[in-house]
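Written below as structure tokens is the structure these notes are about.
The values are calculated or read from the model by the stated rules, or taken from the named source; none is laboratory data. Being a predicted model, the structure only gives us computed values, none of them experimental. Here the Cβ positions follow ideal geometry from the backbone for every residue, glycine too, while neighbour counts run over all protein chains shown. Note: areas computed on protein heavy atoms with side chains; ligands, DNA, RNA excluded. Shrake-Rupley method; radii C 1.70, N 1.55, O 1.52, S 1.80 Å.
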Amino acid sequence: MKIELVPSILSSDFAQLGAQAQQAIEGGGSVLHVDVMDGHFVPNLTVGPPVVRSLRKVIQVPMDCHLMIENPDLFIPEFAEAGADWISVHQEACLHLDRTLHLISSHGCKPGVVINPATPVEMLTEVLDLVHHVLVMSVNPGFGGQKFIPNSLNKIAALARVRAERKLEFRIEVDGGVDLTTVGDVVKAGAELLVAGNAVFGHGDVHTDARQLLEAARAATFGRA
Ligand code: DX5
Ligand code: ZN
């Protein structure tokens, strides 16, 4: 299982977006996380396909677009065309989740499904064989810099168990409050794609902060059951 750091640009300085994203990648980020918010599904607004298109020109690693929006089917083609590699949608936002996941695949992107802190992993039973990754929200979505919700560790561990029992291959991603104090626990629970916004972009030295977080995550794999 490959541990990967997935820097979230939400906490970057948007006036320096390309340069900061590059620093995070040089510090060890191997996937770039783009948070898309519509002011309806979550109480905040962020960026859309034009920003993905611009980043695509300067970023070599896969772009992981986390859609926190209603009616994601309306926008999936445009995100794919803009250069998204992975697209994830919220279980809570999709009436026809199976259809939406197939739509993502049909546009050549890796489909992911996301669950909020209050949504049990059992809600995903019927789609686990369709997804490239499951994203466990470890904060309520909408904002960077929030406190990690400890019960997320049980959800990550439950997903890892189901994956082993059913011999599936989806990857387990975690998003929210991942920093030097929590990263060891999330890795030990079974997460391998570690989204981090504030911990990477919030303190000044993006390159160093990314590298230290990835090192702490890798160190924790030695203590994993
Ligand atoms: C929150 C977003 C996250 C956010 C995480 O709704 O989905 O990706 O950037 O930020 P931190 O790492 O600061 O909790
Ligand atoms: Zn996110």
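Taking every DSSP beta bridge that has both residues in the chain, what percent is antiparallel when rounded to the nearest 5?
Details: 1 of 34 bridges.
Close to 5 percent.
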If we count every other residue with Cβ under 13 angstrom of Met63's Cβ, Lys/Arg +1 and Asp/Glu -1, where does the sum land? 0
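For the stretch 1-140, which whole percent of the accessible surface, found with a 1.4 angstrom probe, sits on carbon and sulfur atoms? Show your work: numbers first, answer last.
On the way: 3040 of 5750 Å².
Carbon-and-sulfur percentage of accessible area, whole number: 53.
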Considering the Cα trace of the chain, what is its radius of gyration and what is Dmax, both in angstroms? 15.9, 46
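Can you give the net charge of the other residues whose Cβ lies under 11 Å from the Cβ of Arg211, counting K and R as +1 and D and E as -1? Display every interim value, and only then the final one.
Values: positive: Arg218; negative: Glu26, Asp205, Asp209, Glu215.
The answer is -3.
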Solvent-accessible area per residue for the chain at a 1.4 Å probe radius, Å²? 44
One can check that the equivalent ellipsoid of the stretch 1-83, built from the alpha-carbon gyration tensor with semi-axes equal to the square roots of five times its eigenvalues, has lengths in Å, largest first, of 21, 14, 13
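Looking at the stretch 1-89, which trypsin sites (Lys or Arg not before Pro) are in a loop (DSSP not H, G, I, E or B) and have at most 16 other Cβ atoms within 10 Å? It would help to have the intermediate numbers written out before the result.
Values: sites: Lys2, Arg53, Arg56, Lys57; in loops: Lys2.
Answer in residue order: Lys2.
If we sort 182-195, 151-164 on the protection proxy, mean other Cβ atoms within 10 Å, highest first, what's the order?
The packing order, highest mean first, is 182-195, 151-164.
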Mind jotting down the distance between the C-alpha centroids of the stretch 111-142 and the stretch 1-73, whole Å? 19
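With viscosity set to 0.890 mPa s at 25 °C, what whole-number translational diffusion coefficient in µm²/s follows for the stretch 177-218 from Stokes-Einstein and a Kirkwood radius over Cα pairs?
Values: Rh = 10.2 Å.
This corresponds to a translational diffusion coefficient of 241 µm²/s.
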In nm, what is the difference between 0.36 nm times the number of residues separating Leu180 and Ser106 and their Cα-Cα distance? 22.9 nm
Grab the other residues whose beta carbon is less than 11 angstrom from that of Gly28, score K and R as +1, D and E as -1, and report the net. -2
Highest mean first, what order results for 44-50, 31-37 on Cβ atoms within 10 Å? 31-37, 44-50
For the chain, what does -39500 (n - 2.57) per DSSP helix run (n ≥ 4), summed and divided by total residues, give at 222 nm, in deg cm²/dmol to the nearest 500? -10500 deg cm²/dmol
Please give the length that would be gained between Asn151 and Ser30 if that part of the chain were fully extended, namely 0.36 nm times their separation in residues minus their C-alpha to C-alpha distance (nm, one decimal). 40.9 nm
